[in-house]
1. Based on alpha-carbon positions alone, could you give the equivalent ellipsoid semi-axes of the stretch 198-281 from the gyration tensor, as √(5λ), descending, whole Å?
2. Just need the relative contact order of the chain here, percent rounded to a whole number, with Cα pairs under 8 Å and 6+ apart.
3. Would you mind checking the radius of gyration and Dmax of the stretch 250-292 based on alpha-carbon positions, in Å?
4. Cβ neighbours within 10 Å, averaged per peptide: list 264-275, 201-212, 138-149 in order, most packed at the top.
5. Above 27 Å lies some portion of the pair distances; for the stretch 171-322, what is it as a whole percent of all C-alpha pairs?
6. In Å, what Rg and Dmax follow from the Cα atoms of the chain?
7. Between the alpha-carbon centers of the stretch 103-133 and the stretch 226-261, tell me the distance in whole angstrom.
8. Give the percent of DSSP beta bridges with both residues in the chain that are antiparallel, rounded to the nearest 5.
Ligand SMILES: Nc1ncnc2c1ncn2[C@@H]1O[C@H](COP(=O)(O)OP(=O)(O)OP(=O)(O)O)[C@@H](O)[C@H]1O
């Protein structure tokens, strides 16, 4: 398995407006008892796009994903997943989805390789020339870093290895659309990096659409073309990490030093400021560093704004202008 280049930050090209929409959700509502957990969620994803769903604990991320997977009936709203309403999805539709649940504790006595071959068997009748199904087990084990564990029983795997197997099960059928619910919980840094490589490859080379929920903002920033923040039952912000950062603060911090003395200046015109700095001090400028609000800063600000009731309108311009 190749080691991922962690400097790569969702660099695959943005999907154009005419790229096929694989996920389309309008006014999704979910009520548990007297509580409206989802209160009008709108979201869209295009083929090959990686979309990250962020939000505080208990906000309804898993509920949303389970509705899209067809595992949970919604209270109201329109939902189209690969052109089908999940409430009426048949076997053929299901074979086009890949699912990595938050926890999957079955099949403990199976050997890893055997389990993947068994699971893969379900997809064989749904193989197409464009998407040969299932994936080759040896290739799949290598891809998720489990080659050495093919003969081990599932219940003897570590937590992180088990999670890698969950990912392998999710992609054995070469899905067009992959749902990942907190996929890297329990991963060590190396496994996380390798997993990110797997996701980039799926999106870039196989045009797989990916919807993932995560609490790891660094992971969201590395993987996602677009980030959705769910709060109070709705998507309160969406956009690329940069677009979201600009919503919170249009200013970036420029740090530099001259003759060992350190300076910092906040500006919304970084290019103009830096040009002026070099025009004035030339080669004396050292340690130049430009810092924009991190996704964590942005996320905290947007969620707190929402919780304090001063939420602004959803900014969907990035998506509509594509
Ligand atoms: N079957 C159910 N019956 C009643 N309430 C439920 C049910 N499933 C979930 N809930 C409630 O709905 C809310 C949303 O839960 P959900 O698991 O979708 O949140 P989440 O955003 O995925 O949370 P986390 O980040 O902690 O995984 C929670 O308050 C939860 O307690």
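1. Values: eigenvalues 250, 60, 28 Å².
One finds semi-axes of 35, 17, 12 Å for the stretch 198-281.
2. Details: 582 pairs, mean separation 70.5, N = 322.
Here the relative contact order equals 22 percent.
3. 9.8, 30
4. Numbers: 264-275: 13.0, 201-212: 19.9, 138-149: 17.5.
Per-residue Cβ counts within 10 Å, averaged per peptide and sorted highest first, yield 201-212, 138-149, 264-275.
5. Values: 4736 of 11476 pairs.
Roughly 41 percent, once rounded to a whole number.
6. Looking at the chain, its Cα Rg and Dmax stand at 21.9, 70 Å.
7. Each part's Cα centre sits 41 Å from the other's.
8. Details: 33 of 50 bridges.
DSSP beta bridges in the chain are roughly 65 percent antiparallel.
Since every read-out is calculated from the coordinates, none of them should be taken as a lab result. On a predicted model such as this, the values are computed, not experimentally measured, just so you know. Cβ coordinates were reconstructed from backbone atoms using ideal geometry, including for glycine residues, and neighbour counts include every protein chain displayed.
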